[in-house]
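The values are calculated or read from the model by the stated rules, or taken from the named source; none is laboratory data. Note that the coordinates shown come from a computational prediction; the quantities given were computed from them, not determined experimentally. Here the Cβ is made from the backbone with ideal geometry for all residues, glycine too, and neighbour counts use every protein chain on show.
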Amino acid sequence: MSSKGQKMGLRSWLDDRLGVSAVFGFLRDKKIPQHRHSVWYYTGSAILLFFAIQMITGFMLVFYYNPTLEGANTSVARIMTEIPLGWIIRSVHSWSASFMIAFVFIHLLSIWITKAYRKPRELTWISGVFLLLISLAFGFTGYLLPWDDLSLSATKVGTDIPRSIPVVGVWVTRLLRGGDDVTGDTLTRFFGFHVSILPLFLLTILAVHIYLVQKQGMSVPVSDEKKGKKLKELPFWPNFVYREMVVWLILTGILFSVAIFFPPSLEKAADLMAPAPEGLRPEWYFLFLFQMLKIFPSKILFINGDTIAVLLILLGIIAFFFLPLIDSKPAEKKGKIITAAAYLFIVFAVAMSLWSLLS
Amino acid sequence: MKLKHSLFTRRQFLNGILGGWFGALAASVLYPALKFVFPPTREPDQVILPFSDCEDMKLNTVKNFPWGSKPGLLKKNDDGSYTAFVAVCTHLDCNVTYLSDQRKFFCACHDGWYDESGTHIGGPPPRPLRRLILSIEGEDLIIKREGVE
Amino acid sequence: MMRKKKLIVLCSLIIALHSFVLLRHDFAQQVAQEEKTEMTKEHESQDKIVSGPKDIKESTGIYVFVSWMWLAIVVLIYFLKLKIKEVDRLFEIRYLSGKKK
């Protein structure tokens, strides 16, 4: 009895100062609507799960990683061979990155198709596109860090792409590389991006994103909203959280199994003067962009083909940012075309990726 | 829901089992993580130096040698015999130096003093310097950790 | 006489067979060795590090871990399902009683 009294005392002591009971009260009252498309609500927390795993394994890898021209490749080799179970930690970090980005894509596409970005959730969507770009930047910078032949060439290609943008492009390339060429400075810079700058941005925008989701509540698909009848709801705590736990357990199990049985290997240290290795390909989530650049003709009406391709991609990204504003009448014909565009995008991306893989 | 003779309710039982399995799973993931974070650092069983290197040392001088990741000091005594120490202060792990003119080991971090046999004589050090066991086999000077055959 | 001849033939046959086998064996060994050195050479020149368990102890440890992990996951999901049923029922009871008021 006395211990219980003390516990209550501690709780109220903390609550008087922090006011967390408001948060708990909010979570207790939070309701998750149940309908045909409820399954997509789980993708957000799946991303959080993989992000948490990325943070933990990232902290561990940075204990041994050495971001210098001489040390990068050997320190990764040391993690893989000398440090107990280091190869598993690296493998989990690498696979979890892929899983996370896959779920970011699924999350975004599901929101696009169910039109969850409708008023008043435009800013939630925009912050989400920022998070997508940051996740991709994480993948791109992390790919260089083992400093082997493949990662060097992929970085050379990737950082050269902005150069095609008129006026500012050259400066973007220089900013990314820390000079005109990819050197040891690029490695140090990418390391800084990967472990310090990007995490800060990601955590800040993620906080805004989650706050907005809580403030506005879960969105309901257009078709269910039109019917106007009240949907069945589940309390977030504990009913929905238990369901999420089931998903987390399965995803963690799959991640660990894949990471243990298919660990990534390490090529020999990159040589800045060596010719590019054959079969160069970026990570799978950049494949469709890579292939698009590859098939673009070098000259279109006296203009550099690359410039047009890069500008098209930029235009696509900008349109993607403002999708909720473009899709102003979701229930009408325009809205349906935009939904069809999502499916078209999926088909396009999958086809381009397959083309790149098979050629 | 509570049975007549049961100590727990069904809910307590379920919560306990869930928590237990979660804890066991978490522990089995934590174990490899800890193994990664705390890799084994073993100090060497023995270090072999060519004896010719230390044969012509002057009396009452020392010579540095690496003892794993720590410095070792090989000292030639007045009678021509050798003693080897781990040259790390027993107070707070600073490296010590030998002052030939004063015939003392000195640790600059907190003004710790040891006499020429490694016994702590002044300042904060709580124990004498760690000694290593020496033997000469043919051309080699073999320096061993205490307790290693 | 016949017997002696037979014995000689047999002996020489055995020796011939034996030396043949020995030769073959030697040759096989040589080839294997050559192959092996070539493989290590190739490995050194490529210098690619393939990651995986270091020894038998580690690989058995991995199999034990993976099977234990999936066992724990299956058990946990089973009990979570029970728990979900319980909290859903509690919610429905409260929801209905709230409606009646």
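Could we say that B:Leu141 is within 13 Å of B:Leu74 (Cα to Cα), over 20 Å from the mean Cα position of the chain (by Cα) and either surrounded by 12 or more Cβ atoms within 10 Å (Cβ to Cβ) or without any contact (Cβ under 8 Å) to a residue 40 or more places away in the chain (or both) here?
Judged against the criteria, B:Leu141 is a match.
Just to be sure I understand the filter: pairs with C-beta atoms under 7 Å, separated by 6 or more residues or on different chains, first member in segment A:214-228 and of a type in the set (Asp, Glu), second member assigned to a loop (DSSP other than H, G, I, E, B) and modelled with pLDDT of 75 or more. Which pairs pass?
A:Asp224/A:His35; A:Asp224/A:Leu231
Among the candidates B:Tyr114, B:Tyr98, which residue alone is under 19 Å from the mean Cα position of the chain (by Cα), under 17 Å from B:Thr61 (Cβ atoms) and aromatic (Phe, Trp, Tyr)?
On the way: B:Tyr98 fails: under 19 Å from the mean Cα position of the chain (by Cα).
Selected residue: B:Tyr114, the only one of B:Tyr114, B:Tyr98 that is under 19 Å from the mean Cα position of the chain (by Cα), under 17 Å from B:Thr61 (Cβ atoms) and aromatic (Phe, Trp, Tyr).
Can you find a residue in segment B:20-41 that is at pLDDT below 90, away from chain C (no Cβ under 14 Å) and out of contact with any Cys (no Cβ under 9 Å at 6 or more places or on another chain)?
yes
Against the condition touching a residue at least 40 places away in the same chain (Cβ under 8 Å) and under 30 Å from A:Gly25 (Cβ atoms), how does A:Trp237 come out, does it pass? Before you say what the answer is, go through the steps one by one.
Details: touching a residue at least 40 places away in the same chain (Cβ under 8 Å): yes; under 30 Å from A:Gly25 (Cβ atoms): yes.
The answer is yes for A:Trp237.
Being surrounded by 17 or more Cβ atoms within 10 Å (Cβ to Cβ) and either without any contact (Cβ under 8 Å) to a residue 40 or more places away in the chain or not in a loop (DSSP other than H, G, I, E, B) (or both): is that true of A:Leu175 here? Working first, answer last.
On the way: surrounded by 17 or more Cβ atoms within 10 Å (Cβ to Cβ): no; either without any contact (Cβ under 8 Å) to a residue 40 or more places away in the chain or not in a loop (DSSP other than H, G, I, E, B) (or both): yes.
In short, no.
Can you tell me which residue within segment A:65-76, out of those that are in contact (Cβ under 8 Å) with a residue 40 or more places away in the chain and of a type in the set (Ser, Thr, Tyr), is surrounded by the most Cβ atoms within 10 Å (Cβ to Cβ)? I'd like the intermediate steps shown before the answer.
Residues of segment A:65-76 in contact (Cβ under 8 Å) with a residue 40 or more places away in the chain: A:65, A:67-69, A:72-74, A:76.
From the residues that got through so far, the ones that are of a type in the set (Ser, Thr, Tyr) too are A:65, A:68, A:74.
Working: A:Tyr65: 19, A:Thr68: 13, A:Thr74: 13.
Among them, the one singled out is A:Tyr65.
So, in segment A:153-164, how many residues would count as being buried (at least 18 other Cβ atoms within 10 Å of the Cβ) and either in contact with an Asp or Glu (Cβ under 6 Å, 6 or more places away or on another chain) or aliphatic (A, V, I, L, M) (or both)?
The qualifying residues number 3.
Name the one entry in A:Ile83, A:Ile47, A:Ile56, A:Ile32 that is aliphatic (A, V, I, L, M), out of contact with any strand residue (DSSP E or B) (no Cβ under 8 Å at 6 or more places or on another chain) and within 12 Å of chain C (Cβ to nearest Cβ).
When all the criteria are applied, what remains is A:Ile83.
Across segment A:189-224, which residue is farthest from A:Leu152 (Cα to Cα) among those that are more than 23 Å from the chain's Cα centre (by Cα) and surrounded by 15 or more Cβ atoms within 10 Å (Cβ to Cβ)?
A:Asp224
Look at C:Ala16 and say whether it is at negative phi, at pLDDT below 65, of a type in the set (A, V, I, L, M) and surrounded by 10 or more Cβ atoms within 10 Å (Cβ to Cβ).
Yes.
Give A:Val92, A:Val62 a once-over and let me know the one that is in contact (Cβ under 8 Å) with a residue 60 or more places away in the chain, aliphatic (A, V, I, L, M) and either closer than 21 Å to C:Ile62 by Cβ or within 14 Å of chain C (Cβ to nearest Cβ) (or both).
Result of the check over A:Val92, A:Val62: A:Val92.
Take the residues in segment A:253-267 that are β-branched (Val, Ile, Thr) and more than 8 Å from chain C (Cβ to nearest Cβ), then tell me which one is farthest from C:Leu76 (Cα to Cα). Working first, answer last.
Let us first name the residues in segment A:253-267 that are β-branched (Val, Ile, Thr), namely A:254, A:258, A:260.
Keeping just the survivors that are more than 8 Å from chain C (Cβ to nearest Cβ) gives A:254, A:258.
Numbers: A:Ile254: 15, A:Val258: 20 Å.
The qualifying residue farthest from C:Leu76 (Cα to Cα) is A:Val258.
Within segment A:249-268, restricting attention to residues that are surrounded by fewer than 19 Cβ atoms within 10 Å (Cβ to Cβ) and of a type in the set (A, V, I, L, M, F, W, C), which residue is farthest from C:Ala72 (Cα to Cα)?
Per the stated criteria, the residue is A:Phe262.
For segment A:267-359, give me every one of the helices (runs of 4 or more DSSP H) that falls completely inside it and has 1 or more residues that are touching a Leu at 6+ places or on another chain (Cβ under 8 Å) and either over 30 Å from A:Met80 (Cβ atoms) or touching a residue at least 60 places away in the same chain (Cβ under 8 Å) (or both).
Working: elements: A:287-295, A:305-321, A:323-326, A:333-358.
Qualifying helices (runs of 4 or more DSSP H): A:287-295, A:305-321, A:333-358.
So, of the residues in segment A:270-282 that are surrounded by fewer than 19 Cβ atoms within 10 Å (Cβ to Cβ) and in contact with a helix residue (DSSP H, G or I) (Cβ under 6 Å, 6 or more places away or on another chain), which turns out to be modelled with the lowest pLDDT?
Once the filter is applied, the top-ranked residue is A:Leu280.
Taking the options A:Phe345, A:Phe320, A:Phe302, name whichever one is of a type outside the set (S, T, N, Q) and buried (at least 16 other Cβ atoms within 10 Å of the Cβ).
After applying the criteria, what remains is A:Phe320.
Answer yes or no: is there a residue in segment C:60-74 that is surrounded by fewer than 16 Cβ atoms within 10 Å (Cβ to Cβ), farther than 19 Å from B:Ala27 by Cβ and at the interface with another protein chain (Cβ under 7 Å from one of its Cβ atoms).
Looking for residues that are surrounded by fewer than 16 Cβ atoms within 10 Å (Cβ to Cβ), farther than 19 Å from B:Ala27 by Cβ and at the interface with another protein chain (Cβ under 7 Å from one of its Cβ atoms), one finds none in segment C:60-74, hence no.
From the list A:Thr186, A:Thr173, exactly one residue is among the hydroxyl-bearing types (Ser, Thr, Tyr) and within 21 Å of A:Leu287 (Cα to Cα). Which is it?
Just a single option satisfies the conditions, and that option is A:Thr173.
Read through the list (1) part of a helix (DSSP H, G or I); (2) closer than 26 Å to A:Pro324 by Cβ, then give the number of the only condition that A:Glu233 fails.
The single condition A:Glu233 does not satisfy is (1).
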